[in-house]
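Okay, so here's the structure we're looking at.
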Amino acid sequence: MTRNSFITDERISHEGLFATFLRRVKEGQLGSLPVILALVVIVIVFQTANSNFLSPANLVNLSSTVAYIAILALGINLILLLGEIDLSLAQLGGLAASLLGVLVVRQGVNPLVALVIMLLLGMVVGAIQGWFFAVVGIPAFVVTLAGLLAFTGLTLTTLGTQKNLSMSDTFAFDFANFYFPAVWAYVFGTIAVIGFAAGIIYSKLRRHGEGLDAPSWTSVIVRIALLAAVVFGFLILINQDFGLVMPFLLMIVIAVVIDLVLRKTRYGRSIYAVGGKVEAARRAGIRVTWVRISVFMAAGTLAALFGFIKAGVTTNAGSTLVPTQDLLNAIAAAVIGGTSLFGGRGSAWAAVLGALVVGAINNGLYLIGFNSDAQQIITALVLLAAVVIDALSRRGQRYVGRG
């Protein structure tokens, strides 16, 4: 390609940028843009109202809270991609945390062995619920509602008479409160930015080589620069306090793995296909039953991991005894992030972005003096707005023949 043709392509890309944006709005193909803009507005509003919002200490605290909400939301997100809902995940996490506490604190079981047991519990319970849904044919709403009630009773039974089982001297506490040295935080940040840059550049070059529409180099550079600014700005701030906490890094790693599985593997594409049109997926040779059961297994494992992190952060194995608010926050996070309630559309990063929005709203409202009632009302309004956007997006996709 000559230099003149390269400049011409760039000029065409710039001239069509606004028109492309309007077309994507009409077709309901905005992706994560609305939630990113909402997050920017939220940060500006709360930082203006209280200068402590972006303080290092508050960001460290916020990152711990967002981590366990996002891990649970990633499990909810997988279920939503199937077009279903799971009401029991948070309580399953509570049951797993209670089992961990009893095994480690009361029975003296090796912490790593107890961790494996609780993760297996989440996986097995997910498989059982998935089997009732996918094979027996009971609606997921009913199966998981029954699970919610059963896990509440089992949690009470597991804890026995002592409901507040302290986790302050356990592996869970040490894990949830481990902070990386600043140099390691910057190393992780550099790896994240380089990985993102390599992926987006490779995608552009491949699409251009195949003759498909590709973003301009200016767009690619701007996206990389923005991510680098956010990542290193965040790391600089939190390293002025305790630094990068382990659960937040774990949440990012899990999101990266799930994102790669969903986008780059046949199994991930099968999840989207089953969530889009079940009968079409079955006729295409996809093992619908296995996909459904395996997704519930993955979600159950993530629920157990949520319980592990939550118990370590709150230092109480019974802290998730009645985790209704955690469940609602996780569902809100997945939907606010852009995952469709109707299935077949969404991403792993939707859960993470949504968790950031939910966590930032609750944290910001607390800083400016609002009580929990106001936090729930405002979160509900944001959730409603996200559902409206989802419905309008689906209408736009049907209009252009994509939905």
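Values quoted throughout were computed directly from the atomic coordinates according to the rules given, and no laboratory measurement underlies them. Treat the numbers as computed from the prediction; the structure is a model and nothing was measured. A quick note on method: Cβ atoms are made from the backbone with ideal geometry, for glycine too, and the neighbour counts reach across all protein chains shown.
I'd like the projected area of segment 60-189, averaged over all directions, using the convex hull of its alpha carbons. Report it in nm² with one decimal.
For the Cα atoms of segment 60-189, the hull's average projected area reads 9.8 nm².
With θ taken as phi - 60° and the coefficients 6.51, -1.76 and 1.60, list the Karplus ³J(HN,Hα) couplings across segment 298-305 in order, rounded to whole Hz; mark glycine and proline as x.
Couplings: 5, 5, x, 5, 5, 5, 5, 5 Hz.
Just to be sure I follow: if Rg is taken over the C-alpha atoms of segment 104-256 and Rh is the Kirkwood radius over the same atoms, what is Rg/Rh?
We get a ratio of 1.12 for segment 104-256.
Amide H neighbours of Arg287 under 5 Å, at least 5 residues apart or on other chains, H built in the peptide plane: list them.
The list, which skips near neighbours in sequence, is empty: none.
Using only helices, what value at 222 nm comes out for the chain when you add -39,500 (n - 2.57) per DSSP H run of length 4 or more and divide by the total residues, to the nearest 500 deg cm²/dmol?
Helices in the chain give a 222 nm mean residue ellipticity of -25500 deg cm²/dmol.
Considering every pair of different Cα atoms, what Kirkwood radius, in Å, is found for segment 162-222?
Hydrodynamic radius (Kirkwood, Cα pairs) of segment 162-222 is 15.5 Å.
Output needed for segment 215-359: three equivalent-ellipsoid semi-axes, defined as square roots of 5 times the C-alpha gyration tensor eigenvalues, in descending order, whole Å.
The equivalent ellipsoid of segment 215-359 has semi-axes of 29, 24, 13 Å.
Which whole-Hz ³J(HN,Hα) couplings does segment 170-184 yield from phi under the Karplus relation 6.51 cos²θ - 1.76 cosθ + 1.60, θ = phi - 60°, glycine and proline marked x?
Once θ is set to phi - 60°, the couplings for segment 170-184 become 10, 4, 4, 5, 4, 5, 5, 10, 8, 10, 6, x, 4, 4, 5 Hz.
From Cα coordinates alone, what are the radius of gyration and Dmax values for the chain in angstrom?
Over the chain's Cα set, Rg and Dmax evaluate to 22.0, 78 Å.
Using the basic label-point model (7 angstrom from Cα toward the beta carbon), what is the Leu384 to Trp290 distance in nanometres?
Each label point lies 7 Å from its Cα, and together they span 4.5 nm.
Calculate one ³J(HN,Hα) per residue across segment 241-254 by plugging θ = phi - 60° into the Karplus curve 6.51 cos²θ - 1.76 cosθ + 1.60, and present them in order as whole Hz with x for glycine and proline.
10, 6, x, 6, 8, 4, x, 5, 5, 4, 4, 5, 4, 4
Using amide H atoms built 1.01 Å from N in the peptide plane, name the residues 5+ places from Val109, or on other chains, whose amide H lies under 5 Å from its own.
For Val109, the qualifying residues are Val104.
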